[in-house]
Each structure stands twice: as C-alpha cells, then as structure tokens.
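**Student:** Sending over a structure as structure tokens; questions will come in a sec.
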Amino acid sequence: MLKFYTKRCKGCGICAYFCPRGVLEITELNKSAIKAGKENDCISCGQCEMRCPDYAIFVKKEGA
Amino acid sequence: MKSMEELVDFYFRPNRLPHLWCPGCGNGVVLGALLKAIDAENLAKDDVAIISGIGCSSRASGYVDFNTANTLHGRALPISTGLKMARPELNVITLSGDGDCSAIGGNHLIHAARRNIGLTLVVFNNSIYGMTGGQYSPLTPVGKKATTAPYLTIEPSFDILALAQAAGATFTARATTYHVPVLVDVLRKGIRHEGFSIIEVVTGCPTNYGRQNQMGAPAKMMEWQKDHGVMKAAWDKMDEAAREGKFPIGVLSERKDLKEYTKAYDEVIARAQASVKEETA
C-alpha cells in the first residue's frame, strides 16, 4: 500500500519513472499519484520510496 | 529497524518539510541514506555531530535533529577538526558540496586527509555551484556548459577521491543517488572507519547543471548515474576502452596502517604530562 505526503511532493517524476509496474503518474496538479486502473498493481518493491528526494511516498507492507 | 517514514519522523526537526531543495534534487536522497546509515549503526542523536559548509547540500544539517552546525564556506572541515579534537568520542559527520570541498575548502581537505583525523566527510558532488546559479566547480567535467563557461569548460576536473587518497585519506568510497543501497553501505563503513573517511556521492542538479547540459528530467539524470556508475569489482575487470566516461562506485580504498589523529594527540598529551611531572618531581 502506498502512502503519499502530498504537501512534500514537488512532482519531479522520479517515482513514476522508476516504478517497474507503471503504477504512478504526475497529475495536473504536479503531484505524484496512483494512475486510474492501477490501484491493485503495486508490488511494494520500494523503488519509489528509496529514490524519492522529498520523503513524499512510502510503501506500507501488507499486514505490517 | 525503522522504516523510512519512521526515520524521517524520528530524525527530522519538526515542521522542516517540505525542504527547500529543487524538484528532483538528489540531496534529499543522500540525507535520507545518511539517516538510514546512522540508524543502522545504532548511534544516539547526542553522539552524532553533523557539520556542514555552505551551499545547497550544506543546508542538510539544519533539517536533522543531531548536534549540528552550518558553518563557513569551505570551512566545514576545520570546524569538524576542532570539534573532534575537543570531543573525540563524537561521531563527526561533515557534509560538503563539490565546490565547497574542492575549491574554497580544497586546502582543508588535503590536510584533514593528511592528518587522518577520524571524520566522515560526505561530498555531495552535483558537478556545479547550484545555490549561486550554476557556475562550474573543480568537479565539473571538461566540455560541459555552466553560466561561467557558456562555451564549455576546458579545465580537467579533479578526481576528488584520488586526490584525498594521495593526501593520505585512509578510506575512500563513491556512490550515487541511484545506487541507494550502495550509498547506505559505504556511509556505514565510512562512519565505522577509525581514521579520515571521504565518501563522494554523485547527485543530480536538474536546475542548474542538467538544464544547461540538456540532461533531461531529474529521473533521466538518475538513470545516467545508473548507466555510468560501475561497482568496483566489475570496474577492476574492465579495460581502458570500456571505462571511458564511467566511474567506479563502492569502497575504493581502505587502509588501517596509519594512526588516527586524536589517538596520536593523546600520546602528545601523555608525553607533555610526563615531562611536567619530571620537572616538578
């Protein structure tokens, strides 16, 4: 499950670019968000969390 | 072990986010990796001092809840040296940028390395003076554009790790903001190392370096790091032609034969006290 801190996000697009499943996009408001129809595609790999320079996206492992 | 979210909540000073770095700036990744490394090494907040110079990267010290000081341009190392001499038990981590460390503070770098004082120096190398508007630094590669080199730079850049190694640094390592696990690993090793350790982190400046040099979006700059950073073990097996334009990452050199400076100074204190005792006896 992804957790967004939208206020911290500057829309650089690093998370969307490195997501191996294409789950993320940068919206018209210049913020990272889950693409429509991709809600269940996240595999919790943590690539976005690892490289987000703004600490704006975190991966919560299921059941944790 | 804390999750990244818990690390940010625990180590950041309250209400400091969002930070002031530009969209896509790699400095946030480096600071995050440093928090991971400090946490993994189980260091208490009070046992860590973070000293920085001046520049974009040096703003990092103000965000985190350790003993911190944002000092003078290029002079992070002398101030760290003074602190380490006064409080040798502290883990002193010095944050500096490429211009801060190699130009303005270039002399301090070689002498800190020569003394082998137990500091951990993290150099955020974004190949440019970002804060002041994109002037070229001694680490800007040759043939790149900068506001002070509109017709491309002609000066060869320093290999800052080779420079530090030649000056006597006992631990040198490099990582990038793409290779986060490598970065955390070398930071941990650098913190654990007893003498002077220097860690160069290749980080992207999309605003002032990437834009002038048509490197594309921040993610593209990070991908450039992925394509050009080669792990040390693979690098050693490559020939000259394959190495062209690339750089090794990981721990590049480590030696344990030199005495750490504060330990050597303890001996000076002991000798001085012994001679005073003789005189008064």
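**Student:** Only one of these conditions is not met by A:GLU39: (1) at pLDDT 95 or above; (2) exposed (fewer than 13 other Cβ atoms within 10 Å of the Cβ); (3) among the acidic types (Asp, Glu). Which number is it?
**Tutor:** So A:GLU39 meets the others, but not (1).
**Student:** When the residues of segment B:209-248 are narrowed to those that are within 21 Å of the chain's Cα centre (by Cα) and aromatic (Phe, Trp, Tyr), which ends up nearest to the other protein chains (Cβ to nearest Cβ)?
**Tutor:** Here the answer is B:TRP224.
**Student:** Could you figure out which of (1) at negative phi; (2) exposed (fewer than 15 other Cβ atoms within 10 Å of the Cβ); (3) touching a Ser or Thr at 6+ places or on another chain (Cβ under 7 Å) isn't true of B:THR132?
**Tutor:** Of everything listed in (1) at negative phi; (2) exposed (fewer than 15 other Cβ atoms within 10 Å of the Cβ); (3) touching a Ser or Thr at 6+ places or on another chain (Cβ under 7 Å), B:THR132 misses just condition (3).
Every residue, every condition in (1) of a type outside the set (Val, Ile, Thr); (2) without any contact (Cβ under 8 Å) to a residue 12 or more places away in the chain, yes or no:
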residue	(1), (2)
B:LYS237	yes, yes
B:GLU244	yes, yes
B:VAL251	no, no
B:ARG255	yes, no
B:GLU260	yes, no
B:ILE269	no, yes
B:ALA272	yes, yes
B:GLU278	yes, yes
B:ALA281	yes, yes
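**Student:** Restricting attention to segment B:1-31, which residues are facing chain A (nearest Cβ under 8 Å) and either touching a Lys or Arg at 6+ places or on another chain (Cβ under 6 Å) or in a helix (DSSP H, G or I) (or both)?
**Tutor:** Correct list: B:MET4, B:GLU5, B:VAL8, B:LEU17, B:PRO18, B:PRO23, B:ASN27, B:GLY28, B:VAL29.
**Student:** Next question, about the same structure. For segment A:30-64, which residues satisfy the criterion of being without any contact (Cβ under 8 Å) to a residue 12 or more places away in the chain and more than 9 Å from every other protein chain (Cβ to nearest Cβ)?
**Tutor:** Answer for segment A:30-64, where residues must be without any contact (Cβ under 8 Å) to a residue 12 or more places away in the chain and more than 9 Å from every other protein chain (Cβ to nearest Cβ): A:ALA36, A:GLY37, A:GLU39, A:ASN40, A:GLY63.
**Student:** Do you know which of the residues in segment A:1-16 that are farther than 18 Å from B:SER3 by Cβ and either of a type outside the set (D, E, K, R) or under 10 Å from the mean Cα position of the chain (by Cα) (or both) is farthest from the other protein chains (Cβ to nearest Cβ)?
**Tutor:** Among residues in segment A:1-16 that are farther than 18 Å from B:SER3 by Cβ and either of a type outside the set (D, E, K, R) or under 10 Å from the mean Cα position of the chain (by Cα) (or both), the one farthest from the other protein chains (Cβ to nearest Cβ) is A:THR6.
**Student:** Which of the numbered conditions does B:VAL92 fail, given that it passes all the others? Conditions: (1) within 10 Å of another protein chain (Cβ to nearest Cβ); (2) not in a loop (DSSP other than H, G, I, E, B).
**Tutor:** In the conditions (1) within 10 Å of another protein chain (Cβ to nearest Cβ); (2) not in a loop (DSSP other than H, G, I, E, B), B:VAL92 misses (1) alone.
**Student:** Of all residues in segment B:166-178, how many are surrounded by fewer than 24 Cβ atoms within 10 Å (Cβ to Cβ) and either aromatic (Phe, Trp, Tyr) or in contact with a helix residue (DSSP H, G or I) (Cβ under 8 Å, 6 or more places away or on another chain) (or both)?
**Tutor:** Total meeting the criteria: 2.
**Student:** Restricting attention to helices (runs of 4 or more DSSP H) lying wholly within segment B:169-257, give those where 2 or more residues are within 21 Å of B:VAL48 (Cα to Cα).
**Tutor:** The qualifying helices (runs of 4 or more DSSP H) are B:180-192.
**Student:** Among the numbered criteria (1) within 30 Å of A:GLY13 (Cα to Cα); (2) modelled with pLDDT of 95 or more, which one does B:GLU244 miss?
**Tutor:** So the condition that B:GLU244 fails would be (2).
**Student:** I would also like to ask the following. Evaluate segment B:262-280: report whether one residue or more is of a type outside the set (D, E, K, R), outside any helix (DSSP H, G or I) and either surrounded by 13 or more Cβ atoms within 10 Å (Cβ to Cβ) or within 14 Å of another protein chain (Cβ to nearest Cβ) (or both).
**Tutor:** There is no residue in segment B:262-280 that is of a type outside the set (D, E, K, R), outside any helix (DSSP H, G or I) and either surrounded by 13 or more Cβ atoms within 10 Å (Cβ to Cβ) or within 14 Å of another protein chain (Cβ to nearest Cβ) (or both).
**Student:** Would you be able to say whether some residue in segment B:61-74 is surrounded by 18 or more Cβ atoms within 10 Å (Cβ to Cβ), part of a helix (DSSP H, G or I), in contact with a strand residue (DSSP E or B) (Cβ under 8 Å, 6 or more places away or on another chain) and within 14 Å of another protein chain (Cβ to nearest Cβ)?
**Tutor:** Checking segment B:61-74: not a single residue is surrounded by 18 or more Cβ atoms within 10 Å (Cβ to Cβ), part of a helix (DSSP H, G or I), in contact with a strand residue (DSSP E or B) (Cβ under 8 Å, 6 or more places away or on another chain) and within 14 Å of another protein chain (Cβ to nearest Cβ).
**Student:** Do you know which of the residues in segment A:17-29 that are closer than 27 Å to B:ARG16 by Cβ and either without any contact (Cβ under 8 Å) to a residue 24 or more places away in the chain or surrounded by fewer than 20 Cβ atoms within 10 Å (Cβ to Cβ) (or both) is nearest to the other protein chains (Cβ to nearest Cβ)?
**Tutor:** A:TYR17
The values are calculated or read from the model by the stated rules, or taken from the named source; none is laboratory data. As the structure is a computational prediction, the values presented were derived from the model and not from experiment. Cβ coordinates were reconstructed from backbone atoms using ideal geometry, including for glycine residues, and neighbour counts include every protein chain displayed.
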